[in-house]
Amino acid sequence: MKKNIVKHLLKTGMVLILFVCFACTKKEPSLKDAFKDHFMIGAAINTDQIMGSDSLAHAILIKHFNALTAENAMKWERIHPLPGIYHFTLSDSLVSFAERNGMFVTGHTLLWHHQTPKWVFEDSTGKPLTRDSLLAVLKDHIFTVVGRYKGKVQSWDVVNEALEENGSLRKSKWLEIIGDDYIEKAFEFAKEADPDAELYYNDYNIETSPKRDSALKLISTLKAKGIKIDGVGIQGHYHLDFPNLADIDSAIREFGDLGVKVMFTELDINILPKPENFTGANISDNYELHPEMNPYANGLPDSASTQLANRYADIFNIFLKYPGIMSRVTLWGIHDGQSWLNNWPIRGRTNYPLLFDRNYKPKQAFYSVINTVKK
Ligand code: GLA
(Lines give C-alpha, C1' and ligand atoms only; values in the text may rest on other atoms or scores of the structure.)
Protein backbone atom coordinates (compact mmCIF):
# COMPACT_ATOMS: atom_id res chain seq x y z
CA MET A 1 0.00 0.00 0.00
CA LYS A 2 2.70 2.43 1.16
CA LYS A 3 4.75 1.41 -1.86
CA ASN A 4 1.84 2.24 -4.15
CA ILE A 5 1.40 5.69 -2.66
CA VAL A 6 5.10 6.40 -3.14
CA LYS A 7 4.84 5.13 -6.69
CA HIS A 8 1.81 7.32 -7.34
CA LEU A 9 3.46 10.40 -5.89
CA LEU A 10 6.57 9.80 -7.93
CA LYS A 11 4.48 9.42 -11.04
CA THR A 12 2.38 12.56 -10.54
CA GLY A 13 5.48 14.45 -9.40
CA MET A 14 7.21 13.46 -12.61
CA VAL A 15 4.22 14.58 -14.64
CA LEU A 16 4.26 17.91 -12.83
CA ILE A 17 7.97 18.39 -13.41
CA LEU A 18 7.56 17.49 -17.08
CA PHE A 19 4.70 19.96 -17.36
CA VAL A 20 6.68 22.77 -15.71
CA CYS A 21 9.68 22.07 -17.95
CA PHE A 22 7.48 22.10 -21.03
CA ALA A 23 5.85 25.34 -19.94
CA CYS A 24 9.13 27.11 -19.30
CA THR A 25 10.75 26.01 -22.55
CA LYS A 26 7.53 26.81 -24.40
CA LYS A 27 8.70 27.53 -27.88
CA GLU A 28 8.74 31.22 -28.51
CA PRO A 29 8.60 32.18 -32.19
CA SER A 30 11.87 32.96 -33.92
CA LEU A 31 12.63 36.63 -34.62
CA LYS A 32 14.42 36.00 -37.88
CA ASP A 33 11.59 33.80 -39.14
CA ALA A 34 8.96 36.33 -38.12
CA PHE A 35 10.70 39.09 -40.12
CA LYS A 36 12.01 36.96 -42.97
CA ASP A 37 9.91 38.73 -45.60
CA HIS A 38 10.96 42.17 -44.33
CA PHE A 39 14.55 42.47 -43.17
CA MET A 40 17.37 40.57 -41.50
CA ILE A 41 17.59 40.50 -37.73
CA GLY A 42 21.14 40.89 -36.47
CA ALA A 43 23.02 40.87 -33.20
CA ALA A 44 26.32 42.32 -32.10
CA ILE A 45 28.31 39.63 -30.29
CA ASN A 46 31.10 39.75 -27.72
CA THR A 47 34.17 37.57 -27.24
CA ASP A 48 32.44 34.80 -25.21
CA GLN A 49 29.70 34.61 -27.77
CA ILE A 50 32.16 34.49 -30.66
CA MET A 51 34.18 31.73 -28.99
CA GLY A 52 31.07 29.77 -28.06
CA SER A 53 31.67 29.81 -24.28
CA ASP A 54 28.37 31.62 -23.69
CA SER A 55 26.35 28.59 -24.79
CA LEU A 56 22.94 29.99 -23.80
CA ALA A 57 23.54 33.05 -25.93
CA HIS A 58 24.65 30.77 -28.74
CA ALA A 59 21.34 28.94 -28.75
CA ILE A 60 19.47 32.27 -28.92
CA LEU A 61 21.73 33.47 -31.69
CA ILE A 62 21.14 30.46 -33.87
CA LYS A 63 17.41 30.45 -33.32
CA HIS A 64 16.63 34.15 -33.61
CA PHE A 65 19.29 35.95 -35.65
CA ASN A 66 20.55 35.76 -39.22
CA ALA A 67 23.08 38.60 -39.22
CA LEU A 68 26.19 39.23 -37.10
CA THR A 69 28.38 42.16 -36.16
CA ALA A 70 31.38 41.95 -33.83
CA GLU A 71 30.80 44.26 -30.88
CA ASN A 72 34.55 44.99 -30.70
CA ALA A 73 36.59 42.23 -32.34
CA MET A 74 36.97 43.88 -35.74
CA LYS A 75 37.69 47.41 -34.54
CA TRP A 76 41.15 48.72 -35.42
CA GLU A 77 42.62 48.50 -31.88
CA ARG A 78 41.63 44.83 -31.66
CA ILE A 79 42.35 43.54 -35.13
CA HIS A 80 45.45 45.67 -35.88
CA PRO A 81 46.86 46.78 -32.53
CA LEU A 82 50.45 47.44 -33.67
CA PRO A 83 52.08 48.28 -36.99
CA GLY A 84 52.21 45.12 -39.08
CA ILE A 85 50.53 43.03 -36.34
CA TYR A 86 47.05 41.74 -37.07
CA HIS A 87 44.99 39.61 -34.65
CA PHE A 88 42.50 37.54 -36.58
CA THR A 89 41.60 34.79 -34.12
CA LEU A 90 38.28 36.29 -33.02
CA SER A 91 37.20 37.61 -36.38
CA ASP A 92 38.08 34.28 -38.05
CA SER A 93 35.88 32.47 -35.50
CA LEU A 94 33.01 34.88 -36.03
CA VAL A 95 33.21 34.50 -39.78
CA SER A 96 33.34 30.71 -39.70
CA PHE A 97 30.46 30.59 -37.19
CA ALA A 98 28.45 32.77 -39.58
CA GLU A 99 29.38 30.58 -42.54
CA ARG A 100 28.32 27.41 -40.71
CA ASN A 101 24.99 28.98 -39.80
CA GLY A 102 24.26 30.84 -43.02
CA MET A 103 24.45 34.28 -41.39
CA PHE A 104 25.16 37.65 -43.00
CA VAL A 105 28.23 39.42 -41.58
CA THR A 106 28.92 43.14 -41.31
CA GLY A 107 32.53 44.04 -40.60
CA HIS A 108 32.51 46.83 -38.04
CA THR A 109 34.37 49.07 -38.67
CA LEU A 110 37.20 50.08 -41.02
CA LEU A 111 37.64 53.74 -40.09
CA TRP A 112 36.61 55.43 -36.85
CA HIS A 113 38.04 58.10 -34.53
CA HIS A 114 37.58 55.91 -31.42
CA GLN A 115 39.22 52.57 -30.60
CA THR A 116 41.98 53.33 -33.06
CA PRO A 117 45.55 53.23 -31.71
CA LYS A 118 47.68 56.38 -31.61
CA TRP A 119 50.41 54.85 -33.72
CA VAL A 120 48.08 54.91 -36.74
CA PHE A 121 48.50 58.67 -36.99
CA GLU A 122 52.20 58.97 -36.07
CA ASP A 123 55.61 57.97 -37.37
CA SER A 124 58.12 56.06 -35.25
CA THR A 125 59.39 59.30 -33.69
CA GLY A 126 55.87 60.35 -32.66
CA LYS A 127 55.51 62.99 -35.40
CA PRO A 128 52.14 63.23 -37.17
CA LEU A 129 52.03 61.35 -40.46
CA THR A 130 51.71 63.15 -43.76
CA ARG A 131 48.52 62.79 -45.80
CA ASP A 132 50.19 60.27 -48.13
CA SER A 133 51.60 58.13 -45.38
CA LEU A 134 48.28 58.04 -43.46
CA LEU A 135 46.50 57.08 -46.69
CA ALA A 136 49.05 54.28 -47.11
CA VAL A 137 48.36 53.04 -43.55
CA LEU A 138 44.61 53.14 -44.18
CA LYS A 139 44.96 51.31 -47.49
CA ASP A 140 47.11 48.59 -45.95
CA HIS A 141 44.57 48.15 -43.13
CA ILE A 142 41.58 47.97 -45.45
CA PHE A 143 43.29 45.71 -47.99
CA THR A 144 44.51 43.33 -45.29
CA VAL A 145 41.25 43.11 -43.32
CA VAL A 146 38.73 43.25 -46.17
CA GLY A 147 41.01 41.14 -48.38
CA ARG A 148 41.18 38.35 -45.78
CA TYR A 149 37.40 38.05 -45.69
CA LYS A 150 36.71 38.65 -49.38
CA GLY A 151 33.61 36.69 -50.31
CA LYS A 152 32.99 35.77 -46.65
CA VAL A 153 32.10 39.08 -45.03
CA GLN A 154 29.26 40.42 -47.10
CA SER A 155 29.30 44.02 -45.90
CA TRP A 156 31.43 46.65 -44.16
CA ASP A 157 30.76 49.69 -42.03
CA VAL A 158 33.47 51.53 -43.95
CA VAL A 159 33.31 54.81 -42.03
CA ASN A 160 31.81 55.22 -38.57
CA GLU A 161 30.66 58.51 -37.05
CA ALA A 162 32.29 61.09 -39.34
CA LEU A 163 29.81 63.83 -38.40
CA GLU A 164 29.56 66.17 -35.44
CA GLU A 165 26.20 67.00 -33.84
CA ASN A 166 26.05 70.30 -35.76
CA GLY A 167 26.47 68.43 -39.02
CA SER A 168 30.02 69.48 -39.79
CA LEU A 169 32.72 66.90 -40.48
CA ARG A 170 34.09 65.63 -37.19
CA LYS A 171 37.44 67.14 -36.26
CA SER A 172 39.23 63.81 -36.18
CA LYS A 173 42.83 62.95 -36.98
CA TRP A 174 41.55 61.48 -40.23
CA LEU A 175 40.16 64.83 -41.30
CA GLU A 176 43.08 66.83 -39.93
CA ILE A 177 45.78 64.82 -41.68
CA ILE A 178 44.12 63.59 -44.88
CA GLY A 179 41.53 66.29 -45.50
CA ASP A 180 37.87 66.15 -46.55
CA ASP A 181 38.32 63.33 -49.03
CA TYR A 182 39.36 60.73 -46.44
CA ILE A 183 35.85 59.29 -46.55
CA GLU A 184 35.95 58.81 -50.33
CA LYS A 185 39.36 57.22 -50.06
CA ALA A 186 38.16 54.72 -47.46
CA PHE A 187 35.23 53.72 -49.66
CA GLU A 188 37.47 53.41 -52.73
CA PHE A 189 39.99 51.23 -50.90
CA ALA A 190 37.20 49.00 -49.59
CA LYS A 191 35.70 48.59 -53.04
CA GLU A 192 39.10 47.75 -54.50
CA ALA A 193 39.70 45.18 -51.77
CA ASP A 194 36.35 43.44 -52.32
CA PRO A 195 34.27 44.74 -55.23
CA ASP A 196 31.31 42.54 -54.24
CA ALA A 197 30.97 43.59 -50.60
CA GLU A 198 28.24 46.05 -49.62
CA LEU A 199 29.70 49.27 -48.24
CA TYR A 200 27.99 51.43 -45.63
CA TYR A 201 28.26 54.74 -43.83
CA ASN A 202 27.32 54.26 -40.14
CA ASP A 203 26.46 56.92 -37.54
CA TYR A 204 24.22 57.91 -34.61
CA ASN A 205 21.67 60.74 -34.39
CA ILE A 206 21.43 60.96 -38.17
CA GLU A 207 17.65 60.66 -37.91
CA THR A 208 17.61 64.21 -36.56
CA SER A 209 18.71 67.40 -38.24
CA PRO A 210 21.14 69.03 -38.73
CA LYS A 211 23.10 65.79 -38.66
CA ARG A 212 20.57 64.07 -40.92
CA ASP A 213 20.95 66.71 -43.66
CA SER A 214 24.71 66.34 -43.57
CA ALA A 215 24.51 62.55 -43.79
CA LEU A 216 22.13 62.84 -46.75
CA LYS A 217 24.54 65.26 -48.42
CA LEU A 218 27.53 63.06 -47.69
CA ILE A 219 25.88 60.05 -49.31
CA SER A 220 24.57 61.91 -52.31
CA THR A 221 27.97 63.52 -52.89
CA LEU A 222 29.69 60.14 -52.80
CA LYS A 223 27.14 58.74 -55.23
CA ALA A 224 27.44 61.74 -57.55
CA LYS A 225 31.19 61.13 -57.70
CA GLY A 226 30.59 57.52 -58.70
CA ILE A 227 31.87 56.13 -55.41
CA LYS A 228 30.28 52.86 -54.39
CA ILE A 229 28.13 53.22 -51.27
CA ASP A 230 25.34 50.70 -50.78
CA GLY A 231 23.77 51.62 -47.52
CA VAL A 232 23.45 53.77 -44.46
CA GLY A 233 23.58 52.39 -40.96
CA ILE A 234 21.55 54.33 -38.43
CA GLN A 235 22.95 53.13 -35.12
CA GLY A 236 19.71 53.44 -33.17
CA HIS A 237 20.98 53.91 -29.61
CA TYR A 238 17.59 55.10 -28.43
CA HIS A 239 15.77 56.33 -25.35
CA LEU A 240 12.08 56.07 -24.46
CA ASP A 241 11.56 59.65 -25.60
CA PHE A 242 14.33 60.23 -28.11
CA PRO A 243 14.38 60.42 -31.05
CA ASN A 244 10.76 61.02 -31.92
CA LEU A 245 8.99 58.54 -34.17
CA ALA A 246 8.36 61.07 -36.94
CA ASP A 247 12.11 61.64 -37.27
CA ILE A 248 12.84 57.92 -37.48
CA ASP A 249 10.15 57.55 -40.11
CA SER A 250 11.16 60.45 -42.34
CA ALA A 251 14.86 59.60 -42.02
CA ILE A 252 14.26 56.11 -43.44
CA ARG A 253 12.26 57.61 -46.29
CA GLU A 254 14.81 60.29 -47.13
CA PHE A 255 17.81 57.98 -47.01
CA GLY A 256 15.85 55.42 -49.03
CA ASP A 257 15.11 58.09 -51.65
CA LEU A 258 18.86 58.33 -52.29
CA GLY A 259 18.76 54.73 -53.48
CA VAL A 260 20.75 53.23 -50.60
CA LYS A 261 19.68 50.46 -48.26
CA VAL A 262 18.75 51.60 -44.79
CA MET A 263 19.56 49.57 -41.74
CA PHE A 264 19.45 50.00 -37.99
CA THR A 265 22.81 48.69 -36.94
CA GLU A 266 23.14 49.05 -33.15
CA LEU A 267 19.59 49.17 -31.83
CA ASP A 268 19.01 49.31 -28.08
CA ILE A 269 16.69 51.37 -25.89
CA ASN A 270 18.10 52.96 -22.78
CA ILE A 271 15.32 53.19 -20.19
CA LEU A 272 17.38 54.67 -17.35
CA PRO A 273 17.35 58.36 -16.46
CA LYS A 274 19.50 60.51 -18.70
CA PRO A 275 22.04 62.98 -17.41
CA GLU A 276 20.83 66.45 -18.28
CA ASN A 277 21.07 67.44 -21.97
CA PHE A 278 22.37 64.06 -22.89
CA THR A 279 21.65 62.36 -26.24
CA GLY A 280 23.70 60.41 -28.71
CA ALA A 281 26.27 57.68 -28.42
CA ASN A 282 29.62 59.31 -27.94
CA ILE A 283 31.51 56.57 -26.11
CA SER A 284 33.78 59.03 -24.30
CA ASP A 285 30.86 60.57 -22.37
CA ASN A 286 31.03 59.65 -18.69
CA TYR A 287 28.92 60.85 -15.73
CA GLU A 288 28.94 60.07 -12.02
CA LEU A 289 26.70 57.34 -10.55
CA HIS A 290 24.00 58.56 -8.12
CA PRO A 291 21.37 56.12 -6.77
CA GLU A 292 18.50 58.01 -8.42
CA MET A 293 20.17 57.39 -11.77
CA ASN A 294 19.92 53.62 -11.23
CA PRO A 295 16.26 53.07 -10.27
CA TYR A 296 15.84 49.45 -11.41
CA ALA A 297 18.85 47.89 -9.72
CA ASN A 298 16.60 45.22 -8.20
CA GLY A 299 14.44 44.48 -11.20
CA LEU A 300 12.24 46.09 -13.79
CA PRO A 301 8.71 47.00 -12.67
CA ASP A 302 5.82 46.04 -14.98
CA SER A 303 5.11 49.65 -15.87
CA ALA A 304 8.65 50.17 -17.17
CA SER A 305 8.62 46.84 -18.96
CA THR A 306 5.44 47.88 -20.75
CA GLN A 307 6.88 51.26 -21.68
CA LEU A 308 9.89 49.53 -23.20
CA ALA A 309 7.70 47.02 -25.05
CA ASN A 310 5.53 49.82 -26.48
CA ARG A 311 8.53 51.82 -27.60
CA TYR A 312 9.99 48.78 -29.38
CA ALA A 313 6.64 48.11 -31.06
CA ASP A 314 6.31 51.72 -32.22
CA ILE A 315 9.77 51.62 -33.75
CA PHE A 316 9.32 48.24 -35.48
CA ASN A 317 5.98 49.41 -36.87
CA ILE A 318 7.90 52.17 -38.63
CA PHE A 319 10.55 49.75 -39.92
CA LEU A 320 7.78 47.64 -41.45
CA LYS A 321 6.51 50.63 -43.44
CA TYR A 322 9.58 50.52 -45.69
CA PRO A 323 9.84 47.21 -47.50
CA GLY A 324 12.60 47.20 -50.09
CA ILE A 325 14.44 50.00 -48.26
CA MET A 326 14.94 48.51 -44.80
CA SER A 327 17.43 45.67 -45.11
CA ARG A 328 18.50 44.84 -41.55
CA VAL A 329 17.83 45.57 -37.90
CA THR A 330 20.74 44.64 -35.62
CA LEU A 331 20.37 44.69 -31.83
CA TRP A 332 23.49 45.85 -29.98
CA GLY A 333 23.83 42.67 -27.95
CA ILE A 334 21.78 39.53 -27.32
CA HIS A 335 20.70 40.00 -23.70
CA ASP A 336 20.51 42.79 -21.12
CA GLY A 337 23.39 41.47 -19.01
CA GLN A 338 25.95 42.07 -21.75
CA SER A 339 24.83 45.54 -22.82
CA TRP A 340 27.32 48.40 -22.88
CA LEU A 341 24.46 50.51 -21.46
CA ASN A 342 25.06 48.98 -18.02
CA ASN A 343 28.25 51.04 -17.97
CA TRP A 344 27.65 53.97 -20.27
CA PRO A 345 27.29 56.92 -19.93
CA ILE A 346 27.35 56.07 -16.19
CA ARG A 347 29.28 53.05 -14.93
CA GLY A 348 27.66 50.34 -12.80
CA ARG A 349 23.95 50.65 -13.61
CA THR A 350 21.40 47.91 -14.27
CA ASN A 351 19.87 48.55 -17.66
CA TYR A 352 17.27 46.66 -19.72
CA PRO A 353 17.76 47.76 -23.32
CA LEU A 354 17.42 44.53 -25.32
CA LEU A 355 14.86 41.83 -26.14
CA PHE A 356 16.23 39.04 -23.89
CA ASP A 357 16.71 39.43 -20.14
CA ARG A 358 19.70 38.58 -17.96
CA ASN A 359 18.44 35.00 -17.70
CA TYR A 360 18.34 34.73 -21.48
CA LYS A 361 14.54 34.72 -21.50
CA PRO A 362 12.49 36.65 -24.06
CA LYS A 363 11.05 39.83 -22.51
CA GLN A 364 7.71 41.54 -22.97
CA ALA A 365 9.51 43.72 -25.55
CA PHE A 366 10.42 40.59 -27.50
CA TYR A 367 6.75 39.63 -27.85
CA SER A 368 5.69 43.16 -28.71
CA VAL A 369 8.25 43.19 -31.53
CA ILE A 370 7.03 39.82 -32.84
CA ASN A 371 3.43 41.06 -32.67
CA THR A 372 4.17 43.97 -35.01
CA VAL A 373 4.68 41.53 -37.85
CA LYS A 374 1.84 39.17 -36.97
CA LYS A 375 -0.80 41.83 -37.53
C1 GLA B 1 29.31 53.12 -31.20
C2 GLA B 1 30.11 52.17 -32.07
C3 GLA B 1 29.95 50.78 -31.60
C4 GLA B 1 30.03 50.65 -30.11
C5 GLA B 1 29.01 51.54 -29.49
C6 GLA B 1 29.02 51.31 -28.01
O7 GLA B 1 28.01 53.17 -31.52
O8 GLA B 1 29.78 52.23 -33.43
O9 GLA B 1 30.97 50.01 -32.16
O10 GLA B 1 31.29 51.00 -29.63
O11 GLA B 1 29.37 52.84 -29.85
O12 GLA B 1 29.19 49.98 -27.66
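The values are calculated or read from the model by the stated rules, or taken from the named source; none is laboratory data. Owing to the predicted nature of the structure, the values given are computational and were not obtained by experimental measurement. Because the Cβ atoms are built from the backbone with ideal geometry, glycine has one as well, and the counts that use them run over all protein chains shown. Remember, those area values only see protein heavy atoms, side chains included, never the ligands or the DNA or RNA. Shrake-Rupley method; radii C 1.70, N 1.55, O 1.52, S 1.80 Å.
What the table shows:
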quantity: Members of the stretch 328-339 found to be buried (at least 20 other Cβ atoms within 10 Å of the Cβ) and of a type outside the set (D, E, K, R), listed by number; calculated: 329, 330, 331, 332, 333, 334, 335, 338, 339
quantity: Tally, over the stretch 70-91, of residues that are free of Cβ contacts under 8 Å to residues at least 40 places away in the same chain and within 17 Å of residue 48 (Cα to Cα); calculated: 5
quantity: Residues satisfying the stated conditions in the stretch 86-139, i.e. β-branched (Val, Ile, Thr) and surrounded by 15 or more Cβ atoms within 10 Å (Cβ to Cβ); calculated: 95, 105, 106, 109, 116, 120, 137
quantity: The stretch 123-139 - residue that is touching a helix residue (DSSP H, G or I) at 6+ places or on another chain (Cβ under 7 Å) and of a type in the set (Lys, Arg) and, of those, nearest to the ligand (Cβ to nearest atom); calculated: 139
quantity: Restricting the stretch 281-320 to residues that are in contact with a Phe, Trp or Tyr (Cβ under 9 Å, 6 or more places away or on another chain), of a type in the set (A, V, I, L, M) and assigned to a helix (DSSP H, G or I), the residue that is nearest to residue 350 (Cα to Cα); calculated: 293
quantity: Hits in the stretch 296-319 - residues which are free of Cβ contacts under 8 Å to residues at least 12 places away in the same chain and of a type in the set (Ser, Thr, Tyr); calculated: 303
quantity: Verdict on residue 329 being farther than 25 Å from residue 275 by Cβ and within 16 Å of the ligand (Cβ to nearest atom); calculated: yes
quantity: Positions within the stretch 82-108 being away from the ligand (no atom under 16 Å from the Cβ), more than 30 Å from residue 171 (Cβ to Cβ) and among the hydrophobic types (A, V, I, L, M, F, W, C), in sequence order; calculated: 88, 95, 97, 98, 103, 104
quantity: Close pairs (9 angstrom Cβ cut-off, 6 or more residues apart or separate chains): under 14 Å from residue 91 (Cβ atoms) in the stretch 101-117, more than 7 Å from the ligand (Cβ to nearest atom) and among the basic types (Lys, Arg) anywhere; calculated: 105/152; 106/328
quantity: Helices (runs of 4 or more DSSP H) enclosed by the stretch 166-280 - at least 2 residues per element that are under 30 Å from residue 292 (Cβ atoms) and open to solvent by 30 Å² or more (accessible area, probe 1.4 Å); calculated: 245-257
quantity: Count of the stretch 124-157 residues which are outside any helix (DSSP H, G or I) and of a type in the set (Phe, Trp, Tyr); calculated: 2
quantity: Complete set of residues in the stretch 28-44 that are within 16 Å of the ligand (Cβ to nearest atom) and modelled with pLDDT under 95; calculated: none
quantity: Qualifying positions in the stretch 64-81 - away from the ligand (no atom under 11 Å from the Cβ) and crowded, with 20+ Cβ neighbours inside 10 Å; calculated: 64, 65, 66, 67, 68, 79, 80
quantity: Any hit, the stretch 242-257, residues being within 16 Å of the ligand (Cβ to nearest atom) and β-branched (Val, Ile, Thr); calculated: no
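One line per residue, one yes/no per condition, for (1) at positive phi; (2) of a type outside the set (A, V, I, L, M); (3) more than 16 Å from the ligand (Cβ to nearest atom); (4) under 19 Å from the mean Cα position of the chain (by Cα):
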{"site": "110", "(1), (2), (3), (4)": "no, no, no, yes"}
{"site": "121", "(1), (2), (3), (4)": "no, yes, yes, no"}
{"site": "141", "(1), (2), (3), (4)": "no, yes, yes, no"}
{"site": "155", "(1), (2), (3), (4)": "no, yes, no, yes"}
{"site": "160", "(1), (2), (3), (4)": "no, yes, no, yes"}
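Conditions tested, residue by residue: (1) open to solvent by 10 Å² or more (accessible area, probe 1.4 Å); (2) within 15 Å of the ligand (Cβ to nearest atom); (3) within 16 Å of the chain's Cα centre (by Cα); (4) closer than 29 Å to residue 156 by Cα.
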position: 295; (1), (2), (3), (4): yes, no, no, no
position: 305; (1), (2), (3), (4): yes, no, no, no
position: 309; (1), (2), (3), (4): no, no, no, no
position: 317; (1), (2), (3), (4): yes, no, no, yes
position: 346; (1), (2), (3), (4): no, yes, no, no
position: 353; (1), (2), (3), (4): no, yes, yes, yes
position: 363; (1), (2), (3), (4): yes, no, no, no
position: 371; (1), (2), (3), (4): yes, no, no, no
position: 374; (1), (2), (3), (4): yes, no, no, no
